[in-house]
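Trainee: Take a look at the following structure, please.
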Amino acid sequence: MKKFTVGILVALLAVSLVLSGCSKPAQPSTTEPKYKIGLVFDIGGRGDHSFNDSAYNGLVRLAEEFKGYIKDDPDKVNYGSEVELKYLEPKEGGQDREQLLRTLAEEGYNLIFGIGFMFTDPMINVAKDFPETKFAIVDGTIDGLDEQSNIVCLNFKQNEGSFLVGAIAGLKTNTDKVGFVGGMQSTLIEQFEVGFKAGAMYVNPTLRQSGNILSQYIGTTGDAFKDPARGTEIASTFLNQGADIIYHASGASGAGVFQAVYDAYKNGKDVWAIGVDSDQGLVYKSSDDPEQQAIGDRILTSMLKRVDTSVYLTGKDFMEGQWKGGYRDFGLDVDGVGYAVNDYNKSLIEDVMPQVDELKQKIINGEIVVPTNNEELQTFQLP
């Protein structure tokens with residue numbers, strides 16, 4: 001009986017092996033994507049909790065809504081195979097921006113984003129060599145474009161969003177002294193600074209006095225966006241001078257600003273930070289790290305610059321056959337900028353939100369024209 005049973009088992013095993021040998025292993029899909037969309041981050045790359053991460057979120061939204069995937073992505077974003085999305089990160093210093101754009105074009109990507117105004121010259125050079133490829137630059141201005149161009153400039157009215165968080169700072173400060181930390185000194189970051197100052201002064205007459213709005217830039221090159229140690233140093237100086245709210249527009253360097261505010265809070269100071277680009281308070285509060293969560297508790301709000309929206313809408317228009325070259329602006333009127341409200345910070349700012357939202361509507365209606373540079377700030381009409 002035992003021999004018979006063993007014989008049956010052996011026979012079954014043999015059949016099983018034969019059948020398994022005849023079956024083919026699952027093969028990866030060879031379906032070619034309908035569209036290929038590439039993106040090159042600016043210095044700081046993924047994980048900056050700011051500008052670049054917002055752009056990445058735009059790719060994720062495109063993947064989700066158009067059944068695509070992000071190639072070689074550590075987070076393995078995959079909703080289908082109809083659209084291939086890919087991002088690259090520049091080397092330290094960003095000298096390879098043009099080469100990365102060119103690499104994506106040579107690999108057949110149909111639409112390529114450059115995230116940041118430092119891509120201006122590289123994009124001009126590459127777009128000229130690939131006239132059938134579409135290009136989009138965030139925060140860059142290239143002269144002479146029209147709707148038939150293969151480049152679109154995606155720009156934001158960051159001065160308008162900064163005006164609103166400046167108003168929040170002006171209304172919430174207890175010391176009547178606030179600060180601004182900028183990344184790379186440039187006409188672009190000046191718009192954040194000037195908008196913030198205008199909003200703070202508009203609602204708080206004391207802040208119109210010299211020395212009550214502190215301001216400093218981290219540097220004059222792209223490296224200023226990835227120097228958190230310097231961000232900590234500048235913010236600490238402001239806090240020691242009496243500022244109790246500090247707004248930054250400095251990319252990954254902003255982590256240093258947040259750290260300085262958190263350290264001062266631990267030492268007994270009632271101080272706050274204001275983030276930029278994405279809802280940085282929510283990002284920190286969503287971390288698994290308890291200290292990161294605690295830092296998030298000291299982020300009063302953030303100026304939302306919806307880079308994710310610009311990436312998403314541009315990609316959507318392209319895939320739906322609605323591509324237009326030239327120029328596209330994102331302001332308060334289309335929710336391209338704004339201020340962050342979430343479950344964590346709502347109780348901190350809800351007392352001033354009606355006043356801030358009234359200012360928002362006045363900007364949209366044209367009753368308030370927010371300055372874009374220091375020269376315009378000098379003649380800005382205050383109430």
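Trainee: Would you tally the residues in segment 90-119 being buried (at least 18 other Cβ atoms within 10 Å of the Cβ), at negative phi and not basic (Lys, Arg)?
Mentor: Residues in segment 90-119 being buried (at least 18 other Cβ atoms within 10 Å of the Cβ), at negative phi and not basic (Lys, Arg): 16 in total.
Trainee: Also, I was wondering about something else. Would you confirm whether any residue within segment 160-174 is at pLDDT below 95 and touching a helix residue (DSSP H, G or I) at 6+ places or on another chain (Cβ under 6 Å)? Give the steps one after another, and end with the answer.
Mentor: So in segment 160-174, the residues at pLDDT below 95 come out as none.
No: zero hits.
Trainee: For segment 146-170, name all the residues that are hydrophobic (A, V, I, L, M, F, W, C), over 13 Å from Trp272 (Cα atoms) and assigned to a helix (DSSP H, G or I). Write out each step before concluding.
Mentor: Our first condition is that a residue be hydrophobic (A, V, I, L, M, F, W, C); within segment 146-170, this holds for 151-154, 156, 163-165, 167-169.
Filter again for over 13 Å from Trp272 (Cα atoms), leaving 151-154, 156, 163-164, 167.
Hits for segment 146-170 are Phe163, Leu164, Ala167.
Trainee: Can you pull out every residue in segment 346-373 that is polar (S, T, N, Q) and closer than 30 Å to Phe113 by Cβ?
Mentor: Of the residues in segment 346-373, the ones polar (S, T, N, Q) are 347, 355, 361, 365, 372-373.
Thr372, Asn373, listed by residue number.
Trainee: Scan Ser162, Ser253 and give me the residue that is touching a residue at least 40 places away in the same chain (Cβ under 8 Å), closer than 28 Å to Asp42 by Cβ and in contact with a Pro (Cβ under 6 Å, 6 or more places away or on another chain). Full working, then the answer.
Mentor: Numbers: Ser162 fails: in contact with a Pro (Cβ under 6 Å, 6 or more places away or on another chain).
Of the residues listed, the single one that is touching a residue at least 40 places away in the same chain (Cβ under 8 Å), closer than 28 Å to Asp42 by Cβ and in contact with a Pro (Cβ under 6 Å, 6 or more places away or on another chain) is Ser253.
Trainee: Starting from residues that are modelled with pLDDT of 55 or more and of a type in the set (D, E, K, R), keep the ones in segment 9-63 and report whichever is nearest to Thr120 (Cα to Cα). So that I can check it myself, show each step before the final result.
Mentor: Start the filter on segment 9-63 by keeping residues that are modelled with pLDDT of 55 or more, which leaves 30-63.
Those still in the list that are of a type in the set (D, E, K, R) too: 32, 34, 36, 42, 46, 48, 53, 61.
Working: Glu32: 31, Lys34: 28, Lys36: 22, Asp42: 12, Arg46: 21, Asp48: 21, Asp53: 20, Arg61: 25 Å.
Among those that are modelled with pLDDT of 55 or more and of a type in the set (D, E, K, R), it is Asp42.
The values are calculated or read from the model by the stated rules, or taken from the named source; none is laboratory data. On a predicted model such as this, the values are computed, not experimentally measured, just so you know. Ideal geometry is used to build each Cβ from the backbone, glycine not excepted, and the neighbour counts take in all protein chains shown.
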